[in-house]
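Quick notes on the structure that follows.
The values are calculated or read from the model by the stated rules, or taken from the named source; none is laboratory data. What you are looking at is a predicted structure, and each value in this text was computed from that prediction instead of being measured. So basically every Cβ, Gly included, is an ideal-geometry build from the backbone, and we count neighbours across all protein chains shown.
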């Protein structure tokens, strides 16, 4: 009986050893995932003005009561440019809600006021948080800008337009993909697909665009907007990438490489055309193009880019814009 | 002439066997197992998956025991398996199922090398039972035994591993009665030479036997990576050490009481891992202490205990599950026109259709909260504390066996919240020899078992959990005539409520909690005949209908009917 009592005391002592862990729990907090929704700290996006050209960025700071889907939508008041940032974290900060001035797609933001809304799609009756910011400087592009058509037609460029077509640079910041100006074609050509073209060449006094030698990580980009005669059977841009293989400063179609790329329209909105330079040697079916030069895609030898708009002659008037021709490294252009 | 040569060879071979009487022994197990299965599902729901599956196999495990001397035994077992329909060797496989060297060195040290069965305490190394059993009918148990036999899940809860073990003891005349030492080392995983280091598992125990009443043991076990088996310094190490004690009083007036207790620690190190998710060290402790009361006259043994297993206590040898619930069943893996992956159900486990473990897991394996939410990792399930009570009566005159198991446990650390879950488990069962009640000569055994589990958690609505599950096993075995038995059995399982299912990363840390709600039943009805040619030789013809009814609006009801033939022979 004494032993039974002794063992009972020992076991009772053991039972009192551990206390419930009141401070910690395993796994992610249920409150973060399933608790009631509330905004604990309201939106704070720093200064009202932001100069992206000076490297400034906008960080959206906000604290929610739980992890839930949130969408920050930034919309240019004049350009109509849109940038959305999404996430599910409870805390919004520069880690997950940072805006560098870019848009989701063309058009890009201009020097304008941008309206901000923060919504929570999975939370019923949740408030819509609104704010705005004034853009005083635009995001600096990373890449090799060929032209954004802001400085007019250069003397060494070449243009072709059918007699019934107006092909020219227009300037209207509300219509441009980026900046104020863009190239436009507008006209009815009932007898031919060809509408008009513009051949962009290096600045006067230079025979190249000073592009890097490697084609494997270089992307060609341009904004394209078809407004009339739109559709994948109706209109397209045809690009000629002419390379000066022998370095004499003149392109000779009989002895040098012309890589051709076509892009059919499919939307009424601004479209970003982006193509890796090394892939220009393939046609639309994936076959290697027959060219008359060395057959190598050599961006450092690029001497001109011809942008040719073509449309179905049976569909009446054709109208399209092109803007912001730029080469980028490693990835397509981020508007 | 040919007959004469044949007879001569036969006589010579027989003579060889007789002359090797004490040095050579042949034994084996043979089996034929044939299935014909049908998927029963609304035809509108599934028009793309084949609803029928016929398959089976015959196999022979041929074992040889060789006794080179009085102290050594070499055991080998070769498996020849022929899949049904694999004619002319097309479906035949030959495998070495076992190769073991047993012996006694110097008449003092017992040793085993090769394929060995190892077991220590319930908190260090223990192959605990899978889900879905509470005194189940013989018609299910017979087929489950096939799975257990194939996977080396022995009734004494050992794990089959490859390595070596030794045991020796010292006897004393004074102070203490004996000291016993056991140790083993096994290989869990070979290295790939690049990123995966070689992994070993080993341990041992030292037992101090004070007298016939009292003994203490120190148990230590480790799962660890070997350094320099890859060109990287990463190394996993798990170490569990426990102290266990067993006391039994002297029997007085047909009554004996005692204490079973074990307590210890575990720690896990992820050494030189650069992954930020890898914790430097995880350690925790546990204890489990119980009073045992043995009423010898009525053959009733009761156990009243309290245990507290820490949330971070990790013992791979004791917590590795037999069934891997992340795997899909072997038959009818997908169903419905959306090709939904079918989850493992309780009869898949019986039918050898689930994924089973043969190695220890270095993290807590996934489990089905419906089937066992209270002790999904056996007795050593972490993050459980509370009281338990077991009662068992063995082999009375009319009741072959009866038992009651009750547990009231709590989490010691919350999951996703500081609010803790509570767990209540009630189980009971009985085997009744009806022929004794009815005074019949032919054996009629009725068995049943019930287990009811409740999980609760309070707090705000989104934290609340209420999950109940009930498993009922009923069976009847009737000797019809001669050696022919009629076997009937049913399993009924129901789960309803909600829970949060955790997901663990490679470092055993819970990274996600997914809410699940359920309301379904599983019903299995089986009937068949068994002819016992002898105790080691029987034929079972069995029909079974398994149905799952999911009461949720999006639930899919289906069933599987099967007819199978199982022939077993041991010699």
Inset, instruction - Would you check if there is a residue in the range B:101-113 being closer than 30 Å to residue B:158 by Cα, in contact (Cβ under 8 Å) with a residue 60 or more places away in the chain, surrounded by fewer than 16 Cβ atoms within 10 Å (Cβ to Cβ) and in contact with a strand residue (DSSP E or B) (Cβ under 8 Å, 6 or more places away or on another chain)? - result: yes
Inset, instruction - State the number of residues belonging to the range A:270-297 that are crowded, with 18+ Cβ neighbours inside 10 Å and either in the same structural domain as residue A:104 (by TED's automatic domain parsing) or assigned to a loop (DSSP other than H, G, I, E, B) (or both). - result: 4
Inset, instruction - Select from the range A:253-268 the residues that are in a loop (DSSP other than H, G, I, E, B) and either exposed (fewer than 14 other Cβ atoms within 10 Å of the Cβ) or without any contact (Cβ under 8 Å) to a residue 12 or more places away in the chain (or both) and list them in ascending order. - result: A:253, A:254, A:255, A:267, A:268
Legend entry - Subset of the range B:320-343 that is outside any strand (DSSP E or B) and in contact with a strand residue (DSSP E or B) (Cβ under 7 Å, 6 or more places away or on another chain) - its residue that is farthest from residue B:490 (Cα to Cα): B:327
Inset, instruction - Could you pull out every one of the strands (runs of 3 or more DSSP E) wholly within the range A:39-109 that has 1 or more residues that are within 29 Å of residue A:225 (Cα to Cα)? - result: A:49-51, A:70-76, A:82-87
Inset, instruction - Return the residue satisfying two criteria in turn: it lies in the range A:30-46 and is free of Cβ contacts under 8 Å to residues at least 24 places away in the same chain and surrounded by fewer than 17 Cβ atoms within 10 Å (Cβ to Cβ), and of such residues it is nearest to residue B:384 (Cα to Cα). - result: A:41
Inset, instruction - Tell me, yes or no, whether the range B:160-167 has at least one residue that is at pLDDT 95 or above, in a loop (DSSP other than H, G, I, E, B), under 30 Å from residue B:427 (Cα atoms) and in contact with a strand residue (DSSP E or B) (Cβ under 9 Å, 6 or more places away or on another chain). - result: no
Legend entry - Meets criteria (closer than 30 Å to residue B:511 by Cβ, away from chain A (no Cβ under 14 Å) and in contact (Cβ under 8 Å) with a residue 40 or more places away in the chain) for residue B:425: yes
Legend entry - Lone qualifier among B:157, B:211 - being on the phi > 0 side of the Ramachandran plot and in contact (Cβ under 8 Å) with a residue 24 or more places away in the chain: B:157
Inset, instruction - Only residues that are out of contact with any strand residue (DSSP E or B) (no Cβ under 8 Å at 6 or more places or on another chain) and under 20 Å from residue B:213 (Cβ atoms): list them for the range B:252-293, please. - result: B:252, B:253
Legend entry - Which numbered condition residue B:525 fails, given (1) touching a residue at least 24 places away in the same chain (Cβ under 8 Å); (2) surrounded by fewer than 18 Cβ atoms within 10 Å (Cβ to Cβ); (3) within 14 Å of chain A (Cβ to nearest Cβ): (3)
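Just wondering, is there one or more residues in the range A:116-134 that are within 24 Å of residue A:221 (Cβ to Cβ) and part of a strand (DSSP E or B)?
No: the range A:116-134 contains no residue that is within 24 Å of residue A:221 (Cβ to Cβ) and part of a strand (DSSP E or B).
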Legend entry - Residue among B:500, B:493 that is touching a helix residue (DSSP H, G or I) at 6+ places or on another chain (Cβ under 9 Å), more than 14 Å from chain A (Cβ to nearest Cβ) and crowded, with 16+ Cβ neighbours inside 10 Å: B:493
Inset, instruction - Test residue B:211 against the criterion of being modelled with pLDDT under 95 and more than 29 Å from residue A:9 (Cα to Cα), and give yes or no. - result: no
Legend entry - Of all residues making up the range A:18-37, the number that are assigned to a loop (DSSP other than H, G, I, E, B), within 7 Å of another protein chain (Cβ to nearest Cβ) and either at pLDDT 85 or above or out of contact with any strand residue (DSSP E or B) (no Cβ under 6 Å at 6 or more places or on another chain) (or both): 5
Inset, instruction - Consider residue B:305 carefully, then state whether it is surrounded by fewer than 22 Cβ atoms within 10 Å (Cβ to Cβ), touching a strand residue (DSSP E or B) at 6+ places or on another chain (Cβ under 9 Å) and assigned to a strand (DSSP E or B). - result: yes
Inset, instruction - Name the single residue, out of those in the range B:378-415 being away from chain A (no Cβ under 14 Å) and within 22 Å of residue B:346 (Cα to Cα), that is surrounded by the most Cβ atoms within 10 Å (Cβ to Cβ). - result: B:378
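Before we move on, is residue B:473 closer than 30 Å to residue B:537 by Cα and buried (at least 20 other Cβ atoms within 10 Å of the Cβ)?
Yes.
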